[in-house]
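K.L.:
Got a structure for you, written out below as structure tokens; questions coming shortly.
Throughout, read-outs are computed from the coordinates displayed, never taken from laboratory work. Source: prediction; values computed, not measured. A quick note on method: Cβ atoms are made from the backbone with ideal geometry, for glycine too, and the neighbour counts reach across all protein chains shown.
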Amino acid sequence: MKILFILELHYPNIGGIEKLFKSLSETLAAQGHEVTVITTRFRKGLPVRETLNGVKIRRLKFSSRFQFTFFGIFSMLKEARHCDIIHTTSYNAAFPARLAGWITRKKVIITFHEVWGKLWFRLPFVNYISKRLFYLYEQFILRLGFYRYVAVSDYTRQCLLRSGIKEKRLVRIYNGLDYSAYDPEAYAPPEDFVFTYFGRLGISKGLDLIVDASADFLENHPDAQLKLIIPKTPASLFNKIYNLLGKLPEGRYTLLHHLNETDLLMHLQHSSCIMIPSYSEGFCFAAVESIALGIPVISSVKRALEEVVSGKHIVMESQDSKGLSDALEKAYRGEWINKPVKEFPFEDTLRDYLGLYE
């Protein structure tokens with residue numbers, strides 16, 4: 001089978017979406033399928049073309065994701081003519097992928113990670129005009145008539161149904177994790193209290209709450225340390241977060257970027273807990289990875305987080321900086337809730353996607 005992935009971002013970018021499609025594309029290639037990825041060249045120095053673990057990757061030289069959305073179609077058409085099926089994802093890759101499929105008469109599958117709807121208007125870091133445009137674009141891609149819509153959680157599936165997607169076109173496939181790389185026995189919490197956030201920069205991730213809650217918590221606990229493991233892209237959002245860090249006591253936080261998998265796991269394993277104060281999550285790899293490592297989690301339990309959070313955790317009582325600060329105080333005292341650990345094996349994800357392709 002010849003499968004074309006059209007993705008706004010791909011490895012080595014950091015994020016749950018990238019983790020899913022890297023695992024999926026490389027496993028399919030190892031099984032003998034012909035796999036091509038078209039994505040953005042989000043960082044200078046990345047090769048325009050390369051074959052990585054059997055996957056042909058073509059990075060289009062656009063300086064923004066919006067250029068990829070509206071001008072990437074010409075390169076996509078060349079690959080689409082020779083594939084059996086196109087697989088894309090929300091948001092920016094959705095329109096050109098659907099257009100390429102329509103022109104070449106190829107079926108297009110879209111994996112929807114989240115549907116925010118009116119939540120767009122309650123999120124930080126973005127002005128009203130941008131929020132309005134993002135909301136309208138989301139509504140637009142929901143109506144593009146993809147052959148199949150994949151929801152990564154039951155919550156996202158319900159959102160798609162409420163948005164008017166027909167049930168016969170909709171399937172739920174949880175994102176999957178290769179648990180062989182995660183050893184809870186290796187968890188080694190530090191003597192001091194180190195509370196960590198890791199993951200991509202996103203306006204829904206609650207990063208504004210982390211800074212405000214940390215300022216109060218660090219002031220009251222001299223043995224505590226904040227650790228932020230975040231990329232420097234998108235630069236505009238990184239600069240806003242970096243400026244907010246000026247609220248924190250000097251020398252009381254660590255800022256890390258673009259770690260390889262080994263270094264990332266090492267830093268996570270030396271954390272007292274992981275914070276996930278998101279306003280919304282469609283699945284949340286960060287939560288599943290933390291739980292797989294045996295690290296306690298502080299979570300907002302918003303949207304799909306209620307489906308995936310398990311093990312030792314604390315739930316924020318309110319979606320604000322006080323809710324996170326109170327949760328940090330409970331974590332500091334060791335007042336954890338304990339639930340049986342849920343697992344989401346990648347083998348199940350692969351089986352379901354292969355069934356869908358067939």
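K.L.:
Hey, could you grab the Kirkwood Rh for the chain? Inverse mean 1/r over distinct alpha carbon pairs, Å, one decimal.
P.N.:
Details: mean 1/r = 0.0474 Å⁻¹.
Taking the inverse mean of 1/r over all distinct Cα pairs, the chain comes out at 21.1 Å.
K.L.:
In whole Hz and in residue order, list the ³J(HN,Hα) couplings for the stretch 166-181 that follow from phi through the Karplus curve 6.51 cos²θ - 1.76 cosθ + 1.60, θ = phi - 60°; x for Gly and Pro.
P.N.:
Going residue by residue, I get 5, 4, 5, 9, 10, 9, 9, 10, 4, 4, x, 10, 7, 6, 5, 8 Hz, with x marking Gly and Pro.
K.L.:
With a 10 Å radius around each residue's Cβ, average the other Cβ atoms per peptide and rank 254-265, 201-212, 164-175, highest first.
P.N.:
Per-residue Cβ counts within 10 Å, averaged per peptide and sorted highest first, yield 201-212, 164-175, 254-265.
K.L.:
I'd like the Karplus ³J(HN,Hα) series for the stretch 273-279: coefficients 6.51, -1.76, 1.60, θ = phi - 60°, whole numbers in Hz, and an x wherever there's a Gly or Pro.
P.N.:
6, 10, 9, 9, x, 4, 6
K.L.:
Could you check how many percent of all C-alpha pairs in the stretch 129-199 are farther apart than 20 Å?
P.N.:
Pairs farther apart than 20 Å: 57 percent.
K.L.:
Is the shape of the stretch 177-279 rounded, prolate or oblate, going by the alpha carbon gyration tensor and its root eigenvalues a ≥ b ≥ c, with a/c under 1.5 for rounded and a/b larger than b/c for prolate?
P.N.:
Oblate is the answer for the stretch 177-279, as a/c is 1.5 or above yet b/c matches or exceeds a/b.
K.L.:
Grab the other residues whose beta carbon is less than 9 angstrom from that of residue 256, score K and R as +1, D and E as -1, and report the net.
P.N.:
Working: positive: 227; negative: 263.
Taking every Cβ under 9 Å from that of residue 256, the sum is 0.
K.L.:
Expressed as a rounded percentage, what relative contact order does the stretch 206-286 have, with Cα pairs under 8 Å and six or more residues apart?
P.N.:
On the way: 57 pairs, mean separation 31.7, N = 81.
Value for the stretch 206-286: 39 percent.
K.L.:
I'd like to know which of 70, 149, 7 lies farthest towards the positive end of the charge dipole of the chain, counting +1 on Cβ of Lys and Arg and -1 on Cβ of Asp and Glu.
P.N.:
With unit charges placed on the Cβ atoms, the residue in question is 70.
K.L.:
For residue 56, go through the aspartates and glutamates and keep the ones whose alpha-carbon is under 15 Å away, minus same-chain ones fewer than eight residues off.
P.N.:
Of all the aspartates and glutamates, those that pass the test against residue 56 - Cα under 15 Å, at least 8 places apart if same chain - are 26, 34, 79.
K.L.:
Can you compute the helix-only [θ] at 222 nm over the chain? Use -39500 (n - 2.57) per DSSP H run of at least 4 residues, normalise by all residues, nearest 500 deg cm²/dmol.
P.N.:
Here the helix-only value at 222 nm equals -11000 deg cm²/dmol.
K.L.:
Could you give the dipole magnitude of the stretch 1-121 about its Cα centre, charging the beta-carbon of Lys and Arg +1 and that of Asp and Glu -1, in debye to the nearest 20? Display every interim value, and only then the final one.
P.N.:
On the way: 19 positive and 8 negative charges, 76 e Å.
So the dipole magnitude of the stretch 1-121 works out to roughly 360 debye.
K.L.:
Net charge around residue 247, counting only other residues with Cβ within less than 13 Å of its Cβ (Lys, Arg = +1; Asp, Glu = -1)?
P.N.:
Values: positive: 240, 252; negative: 208, 212, 216, 219, 250.
Taking every other residue near residue 247 into account, the sum is -3.
K.L.:
Choose one answer from 340, 234, 296: the residue with the largest mean-square fluctuation in a GNM of the chain with alpha-carbon springs under 10 Å.
P.N.:
Taking springs between Cα atoms under 10 Å, the residue moving most is 340.
K.L.:
Taking the Cα centre of the chain as origin, sum charge times position over the Cβ atoms of Lys and Arg (+1) and Asp and Glu (-1), and report the length of that vector in debye to the nearest 20.
P.N.:
Details: 46 positive and 38 negative charges, 473 e Å.
Dipole of the chain, to the nearest 20 debye: 2280 debye.
K.L.:
Put +1 on the Cβ of every Lys and Arg and -1 on every Asp and Glu Cβ in the stretch 179-339; which of 294, 230, 213 then has its Cα farthest towards the positive end of the dipole?
P.N.:
Farthest along the dipole direction, towards plus: 230.
K.L.:
Under a Cβ-only charge scheme (Lys and Arg +1, Asp and Glu -1), can you give me the dipole magnitude of the stretch 184-307 about the Cα centre, in debye to the nearest 20?
P.N.:
520 debye
K.L.:
Got a sec to turn the phi values of the stretch 44-53 into Karplus ³J(HN,Hα) couplings, 6.51 cos²θ - 1.76 cosθ + 1.60 with θ = phi - 60°, whole Hz, x for Gly and Pro?
P.N.:
Residue by residue, the stretch 44-53 yields 4, x, 6, x, 5, 10, 7, 10, 10, 6 Hz.
K.L.:
Around residue 238, what is the net charge, scoring Lys/Arg as +1 and Asp/Glu as -1 over all other residues with Cβ under 12 Å from its Cβ?
P.N.:
+3
K.L.:
When the chain is treated as a GNM, springs tying every alpha-carbon pair under 10 Å, which of 42, 71, 346 comes out with the largest mean-square fluctuation?
P.N.:
Among 42, 71, 346, the largest mean-square fluctuation in the Gaussian network model of the chain belongs to 71.
K.L.:
Return a single number: how many Lys pairs in the stretch 139-284, at a sequence separation of 8 or more or on separate chains, have alpha-carbon atoms below 28 angstrom apart.
P.N.:
Lysine pairs meeting both conditions in the stretch 139-284 amount to 8.
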